[in-house]
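Visitor: So that we are looking at the same thing, I have put the structure below in structure tokens.
The values are calculated or read from the model by the stated rules, or taken from the named source; none is laboratory data. It should be emphasised that the depicted structure is a prediction, and the values quoted were computed from it without experimental measurement. We place every Cβ from the backbone using ideal geometry, glycine too, and count neighbours over all the protein chains shown. Ligands, DNA and RNA are excluded from the accessible area calculation, which covers all protein heavy atoms including side chains. Shrake-Rupley method; radii C 1.70, N 1.55, O 1.52, S 1.80 Å.
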Amino acid sequence: MRALETCLYVDDLEAAEAFYSGVLGLSLFGKMAGRHLFYRLEGSMLLIFDPAASAQPGDVPLHAGKPGGHACLGIAREETDAWQARLEGHGLKVTRYAWGNRGESLYFEDPAGNVLELAPPSIWGLE
């Protein structure tokens, strides 16, 4: 088994789209104004929902949650310095954490307060 989707919740979809598309450079796969943003990653999907709108009945199953989640997105080990510079260049506070010889993680928050992490798969022994 592997994770197919990761869901995060935000109170401001416009700010989230500007952050995930602009700052992180992710390509928007689909969106429903006022309800959700879907981003295709390598081998999985990142789903971002407005919890108030996605808790309402509609054509798709309910997705209700709260901002304050966590997601880790994989990057190549050699991209860590460039990503840190990019994130800090956008005014984000970045915490860098070393996992011994397995690699380093960059921790920061999206506009809704979700904790995001960029790290090489090697921190979990994955390649």
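Visitor: Test TYR39 against the stated conditions and say whether it is of a type in the set (Ser, Thr, Tyr), in contact (Cβ under 8 Å) with a residue 12 or more places away in the chain, on the phi < 0 side of the Ramachandran plot and not in a loop (DSSP other than H, G, I, E, B). Let's see the steps before the verdict.
Guide: Details: of a type in the set (Ser, Thr, Tyr): yes; in contact (Cβ under 8 Å) with a residue 12 or more places away in the chain: yes; on the phi < 0 side of the Ramachandran plot: yes; not in a loop (DSSP other than H, G, I, E, B): yes.
It is true that TYR39 is of a type in the set (Ser, Thr, Tyr), in contact (Cβ under 8 Å) with a residue 12 or more places away in the chain, on the phi < 0 side of the Ramachandran plot and not in a loop (DSSP other than H, G, I, E, B).
Visitor: Something else now. Can you find, within segment 61-82, the residue that is nearest to the chain's Cα centre (by Cα) among those that are modelled with pLDDT under 75 and open to solvent by 70 Å² or more (accessible area, probe 1.4 Å)?
Guide: ALA64
Visitor: What are the residue pairs meeting all of these: first residue in segment 65-88, first residue free of Cβ contacts under 8 Å to residues at least 24 places away in the same chain, second residue open to solvent by 40 Å² or more (accessible area, probe 1.4 Å), Cβ atoms under 7 Å, and 6 or more apart or on different chains?
Guide: Matching pairs, first to second residue: GLN84/ARG96.
Visitor: If we keep just the residues of segment 1-28 that are more than 14 Å from ALA71 (Cβ to Cβ) and assigned to a loop (DSSP other than H, G, I, E, B), which is most open to solvent (accessible area, probe 1.4 Å)?
Guide: Of everything passing the filter in segment 1-28, MET1 is most open to solvent (accessible area, probe 1.4 Å).
Visitor: State all residues of segment 103-121 that are open to solvent by 10 Å² or more (accessible area, probe 1.4 Å), more than 25 Å from GLY65 (Cα to Cα) and touching a residue at least 40 places away in the same chain (Cβ under 8 Å); if no residue qualifies, say none.
Guide: Of everything in segment 103-121, just one residue is open to solvent by 10 Å² or more (accessible area, probe 1.4 Å), more than 25 Å from GLY65 (Cα to Cα) and touching a residue at least 40 places away in the same chain (Cβ under 8 Å), namely PRO121.
Visitor: Out of curiosity, is PHE108 part of a helix (DSSP H, G or I) and aromatic (Phe, Trp, Tyr)? Steps first, please.
Guide: Numbers: part of a helix (DSSP H, G or I): no; aromatic (Phe, Trp, Tyr): yes.
No.
Visitor: When you look at TYR97, is it exposed (fewer than 13 other Cβ atoms within 10 Å of the Cβ) and outside any helix (DSSP H, G or I), yes or no?
Guide: For TYR97, the condition - exposed (fewer than 13 other Cβ atoms within 10 Å of the Cβ) and outside any helix (DSSP H, G or I) - is met.
Visitor: For segment 29-50, which residues satisfy the criterion of being surrounded by fewer than 17 Cβ atoms within 10 Å (Cβ to Cβ) and in contact with a strand residue (DSSP E or B) (Cβ under 6 Å, 6 or more places away or on another chain)?
Guide: PHE29, GLY30, LYS31, PHE38, ARG40, MET45
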